[in-house]
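This report refers to the structure that appears directly beneath it.
The values are calculated or read from the model by the stated rules, or taken from the named source; none is laboratory data. What you see is a predicted model; the values in this text were computed from it and never measured. Every residue, glycine among them, receives a Cβ derived from its backbone with ideal geometry; neighbour counts consider all protein chains shown. The area values use the complete protein model at the heavy-atom level, side chains included, leaving out ligands, DNA and RNA. Shrake-Rupley method; radii C 1.70, N 1.55, O 1.52, S 1.80 Å.
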Amino acid sequence: MATLKEGDKAPDFTAKDQNGKTISLADYKGKNVILYFYPKDDTPGCTAESCNFRDNYQLLSKIGFEVIGVSTDDEKSHKKFETKYSLPFTLIADNEKQIVEAYGVWVEKNMYGKQYMGTARTTFLISADGIISKIIHKVDTQNASQQILDLIS
């Protein structure tokens, strides 16, 4: 599994979004991207994080960012999540776990003494030329957008 660091080229990917449209990171060449990985649609932390990006979407767009969320949920789950919370950005369905593995966020987790594999909540800022400029490992789900604004200001 990959261990990416700031300054590395962001791994390209191709997958379906919540509308069944095929999306590649290459489609965003020339744009700054907030690529955020979250464990599961419609769970408390993931909803807080996604809604925080929704609430700050206009500002993030205005300063030149595209927002893309990725989880291992399927397109149908993403569509339901997008609709329920009026999310204005792309959600990528990574059912095959290729993207989470390429970005090194598919990890062993531990909850109540039970070990399992899951997505580590992580945000990557990718520059217009496809380079990872920042990685946020300790995401504040309530203030995810502010964490990014603090890093770039």
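So here's what we get for this one:
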quantity: Alpha-carbon Debye profile of the range 79-153, log10 I(q)/I(0) at 0.15, 0.20, 0.22 Å⁻¹; calculated: -0.72, -1.19, -1.30
quantity: Over 20 Å (Cα to Cα) - which of 21/80; 29/80; 21/62 fall in this group; calculated: 29/80; 21/62
quantity: Radius, Kirkwood style, for the range 1-80 when every pair of distinct Cα atoms is counted (Å); calculated: 14.0 Å
quantity: Among 44, 88, 11: highest mean-square fluctuation, GNM of the chain, C-alpha pairs under 10 Å; calculated: 44
quantity: Computed FRET value (nearest 0.05) for residue 142 with residue 84, which takes r as the C-beta separation and R₀ as 22 Å; calculated: 0.75
quantity: Share antiparallel - DSSP beta bridges, the chain, percent rounded to 5; calculated: 70 percent
quantity: Cα-only Debye scattering, the chain: base-10 log of I(q)/I(0) at q = 0.20 Å⁻¹; calculated: -1.40
quantity: With every protein chain in place, the chain: carbon and sulfur % of accessible area (1.4 Å); calculated: 49 percent
quantity: Per-residue ³J(HN,Hα) for the range 5-13, Karplus 6.51 cos²θ - 1.76 cosθ + 1.60, θ = phi - 60°, Hz, x for Gly and Pro; calculated: 9, 4, x, 6, 6, 6, x, 6, 8
quantity: Loop sites in the range 1-83: GluC sites (Glu not before Pro), DSSP, at most 12 other Cβ within 10 Å; calculated: 6
quantity: Accessible area (Å², per residue) of the chain, counting only protein heavy atoms and a probe of 1.4 Å; calculated: 52 Å²
quantity: Length released on extending from residue 5 to residue 48, taking residue separation times 0.36 nm less the Cα-Cα span; calculated: 12.9 nm
quantity: Rounded to the nearest 20 debye, dipole of the chain from Cβ charges on Lys, Arg, Asp, Glu; calculated: 140 debye
